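A.B. asks: Have a look at the structure that comes next, please.
The values are calculated or read from the model by the stated rules, or taken from the named source; none is laboratory data. What you see is a predicted model; the values in this text were computed from it and never measured. Neighbour counts are summed over all protein chains in view; Cβ atoms, including those assigned to glycine, are modelled from backbone coordinates with ideal geometry.
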Amino acid sequence: MDFDTIKEKLNKAANYTVRKSGEVVNVAKLKIKETELESRLENLFTAIGRAMYTEHQEETDSSVEISGILEEIDKLKSELYECKEEINKLTKMNTCPGCGKTVSDEAKYCSECGTNMKTE
């Protein structure tokens with residue numbers, strides 16, 4: 001093997017490594033965002049419970065407050081779905097439509113619930 005061939009193979013390996021490390025960084029950033037979104041959702045669900053209990057205790061109408069919280073939850077759930085889809089794309093995974101578990105994009109069936117993953 002001559003020097004140019006070795007140099008070319010090293011360049012290819014280095015480029016592959018740079019590309020893969022960039023993908024790892026992107027997945028890590030998305031997972032942090034996913035965790036933040038899930039935490040915000042939990043806080044909103046807690047806020048709904050608090051508003052309902054306050055309504056019960058004080059016999060007031062908190063439907064406007066709850067409606068606003070529900071709209072925010074819908075928005076965050078949509079953002080969370082997009083974030084998970086991007087992670088799945090980068091990691092070559094899919095989300096099972098039956099149970100929501102993450103499975104390999106090569107899987108024919110979900111290992112958790114058995115849903116057919118190759119439906120067209």
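A.B. asks: How many of the residues making up segment 24-49 are surrounded by 13 or more Cβ atoms within 10 Å (Cβ to Cβ) and either among the β-branched types (Val, Ile, Thr) or over 19 Å from LEU76 (Cα atoms) (or both)?
C.D. replies: 3
A.B. asks: Regarding segment 92-111, can at least one residue be identified that is touching a residue at least 24 places away in the same chain (Cβ under 8 Å), surrounded by 15 or more Cβ atoms within 10 Å (Cβ to Cβ) and in contact with a helix residue (DSSP H, G or I) (Cβ under 8 Å, 6 or more places away or on another chain)?
C.D. replies: No, that holds for no residue.
A.B. asks: Going through segment 32-81 one residue at a time, which ones are charged (D, E, K, R) and either over 23 Å from GLY100 (Cβ atoms) or at pLDDT below 95 (or both)?
C.D. replies: Once the filter is applied, which keeps residues that are charged (D, E, K, R) and either over 23 Å from GLY100 (Cβ atoms) or at pLDDT below 95 (or both), segment 32-81 yields ARG50, GLU55, GLU58, GLU59, ASP61, GLU65.
A.B. asks: Another question about this same structure. Just a yes or no: is a residue in segment 49-59 on the phi > 0 side of the Ramachandran plot and without any contact (Cβ under 8 Å) to a residue 60 or more places away in the chain?
C.D. replies: Taking every residue of segment 49-59 in turn, at least one turns out to be on the phi > 0 side of the Ramachandran plot and without any contact (Cβ under 8 Å) to a residue 60 or more places away in the chain.
A.B. asks: Name the pairs: first residue in segment 1-23 and within 30 Å of ILE87 (Cβ to Cβ), second residue assigned to a helix (DSSP H, G or I) and of a type outside the set (Phe, Trp, Tyr), Cβ to Cβ under 6 Å, at least 6 apart or on different chains?
C.D. replies: That search, which allows pairs on different chains as well, returns GLU23/LEU90.
A.B. asks: I would also like to ask the following. Yes or no: SER21 surrounded by 11 or more Cβ atoms within 10 Å (Cβ to Cβ) and of a type in the set (S, T, N, Q)?
C.D. replies: On the way: surrounded by 11 or more Cβ atoms within 10 Å (Cβ to Cβ): no; of a type in the set (S, T, N, Q): yes.
It is false that SER21 is surrounded by 11 or more Cβ atoms within 10 Å (Cβ to Cβ) and of a type in the set (S, T, N, Q).
A.B. asks: Sticking with this one: Is it the case that some residue within segment 32-39 is free of Cβ contacts under 8 Å to residues at least 24 places away in the same chain and more than 28 Å from the chain's Cα centre (by Cα)? Explain how you work it out, then say what you get.
C.D. replies: Here is the first cut: in segment 32-39, the ones free of Cβ contacts under 8 Å to residues at least 24 places away in the same chain are 32, 35-36, 39.
This time we only want the ones that are more than 28 Å from the chain's Cα centre (by Cα), so: none.
Looking for residues that are free of Cβ contacts under 8 Å to residues at least 24 places away in the same chain and more than 28 Å from the chain's Cα centre (by Cα), one finds none in segment 32-39, hence no.
A.B. asks: Checking the condition under 30 Å from ARG19 (Cβ atoms), within 14 Å of the chain's Cα centre (by Cα) and either part of a helix (DSSP H, G or I) or among the aromatic types (Phe, Trp, Tyr) (or both), which residue from ASN94, ASN88 passes?
C.D. replies: When all the criteria are applied, what remains is ASN88.
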